[in-house]
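Accompanying notes for the structure given below.
The values are calculated or read from the model by the stated rules, or taken from the named source; none is laboratory data. No experiment lies behind these values; they were computed from the predicted model shown. Note that we place each Cβ from the backbone using ideal geometry, even for glycine, and neighbour counts take in every protein chain shown.
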Amino acid sequence: MKARIVSGLVPFLGLVLLWMLLWGQFTWLALVTGVLLALLVSAVFYLPAVRLSGRFNPWRALVFFLRLVWDIVRASLQIAWLAVGPGYRPSNAIIAVPLRTRSDLVMTFTAEAVSLVPGSIVLDIDRESATLYLHALNVHSVSEVPALKREVLATERRLILAAGSADDLARLREAEAGSGPSSSTGAASGTPSTREGGAS
Amino acid sequence: MTPADLFSFDIDGVPGIGIRDIVTAVLVLLAALMCFAAGVGLLRFPDVLSRLHAATKPQILGLIAIVADVAVTNPSLGTITLAVAIVFFQALTAPASAHMAGRAAYRTDHFRRDLLVIDEFTPRDPRSDM
């Protein structure tokens, strides 16, 4: 019940905050108009509720965020060099990465983060098995693929540690204790009923 | 500021150019380089999927640099909050738009299959079968 209230409140407060950010002022007027608009927006543009896990680790979130910024800088410089530098030989790969999470939110943010880090764009997502299909730039041989997959799983790991549900956390530990990063069996065995996370 | 001022680096003195101007110049230059590289990438990369990489990644660093530059030149609460909002939403929406374009390109087969070293994407949707 508590998780449900928080799940509704966080997007609402996010809207109010966005309104105040856009105005660039933190005044009572901005707050009141923001709350009114947030009410209007959530009533008119209704979306299915996002289930937050109810777990948040600020330190892990900071680690995730700093790593994301670093990755963005690294990826941008890499691709910029690839574009303007000499001797570019095109060679790409499309890889499938089975994630361990069952939460839509963690899956979405992993997909977002992975698109910003070096060399990958999300082509498609299989929501049932939580599999990301990524297009990777500048992959010259199949032997580079496992390293790419490990990087994606590491991003997911940082996200789960920061804000994943207890259910996801247990799944992560299980996958790591088991066959390591290539445990596609653990990702495929989840049932649809457990996918929203166990925080209700 | 006249062009001659560009060469008078009185960093701790009042006249001439301060540290803030140097930071500004570096950020603008970085942003310009990144946007230039994104443009070159768009032309030079061989297919839609590769070009999407050029369209998302150097461009986001360029945007961050130019927005940081505006915030440094004009450090008021309003500018900084707006800058944060711009970067946050660009970072959220750029991957989403790249994903939509990439998915469309894959499903309609508008990409160079011969450039792939591996393709682990088995289409489940019958419409995407060739």
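Is the range A:110-132 home to any residue that is away from chain B (no Cβ under 13 Å), of a type in the set (Gly, Ala, Ser) and out of contact with any Leu (no Cβ under 6 Å at 6 or more places or on another chain)?
no
Yes or no: the range A:32-48 includes at least one residue that is over 22 Å from B:Leu63 (Cα atoms), within 14 Å of chain B (Cβ to nearest Cβ), assigned to a helix (DSSP H, G or I) and touching a helix residue (DSSP H, G or I) at 6+ places or on another chain (Cβ under 8 Å).
Yes; the residues of the range A:32-48 include at least one that is over 22 Å from B:Leu63 (Cα atoms), within 14 Å of chain B (Cβ to nearest Cβ), assigned to a helix (DSSP H, G or I) and touching a helix residue (DSSP H, G or I) at 6+ places or on another chain (Cβ under 8 Å).
Quick check: is even one residue across the range B:87-101 within 7 Å of chain A (Cβ to nearest Cβ) and farther than 25 Å from A:Arg74 by Cα?
Checked against the condition, which is being within 7 Å of chain A (Cβ to nearest Cβ) and farther than 25 Å from A:Arg74 by Cα, the range B:87-101 yields no hits at all.
Among B:Ala32, B:Ala37, which is touching a residue at least 12 places away in the same chain (Cβ under 8 Å) and within 7 Å of another protein chain (Cβ to nearest Cβ)?
The unique qualifying residue is B:Ala37.
Can you name every residue in the range B:40-56 that is more than 7 Å from chain A (Cβ to nearest Cβ) and touching a residue at least 12 places away in the same chain (Cβ under 8 Å)?
B:Leu42, B:Asp47, B:Val48, B:Ala55
This table checks each residue for (1) farther than 12 Å from B:Glu120 by Cβ; (2) in contact with an Asp or Glu (Cβ under 6 Å, 6 or more places away or on another chain); (3) in the same structural domain as A:Ala162 (by TED's automatic domain parsing).
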| position | (1), (2), (3) |
| --- | --- |
| A:Val97 | no, no, yes |
| A:Thr101 | yes, yes, yes |
| A:Val106 | yes, no, yes |
| A:Val117 | yes, yes, yes |
| A:Ile125 | yes, no, yes |
| A:Ala130 | yes, no, yes |
| A:Leu134 | no, no, yes |
| A:Asn138 | yes, no, yes |
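Cβ-Cβ distance below 8 Å, separation of 6 or more or different chains: which pairs start in the range B:85-105 with a residue that is without any contact (Cβ under 8 Å) to a residue 12 or more places away in the chain and assigned to a helix (DSSP H, G or I) and end on one that is surrounded by 13 or more Cβ atoms within 10 Å (Cβ to Cβ) and charged (D, E, K, R)?
B:Leu92/A:Glu112; B:Ala96/A:Glu112; B:Arg103/A:Asp124
Sort out which residues of the range A:1-31 are outside any helix (DSSP H, G or I) and more than 23 Å from B:Ile86 (Cβ to Cβ), and write them in order of number.
Residue satisfying the conditions is A:Met1 alone.
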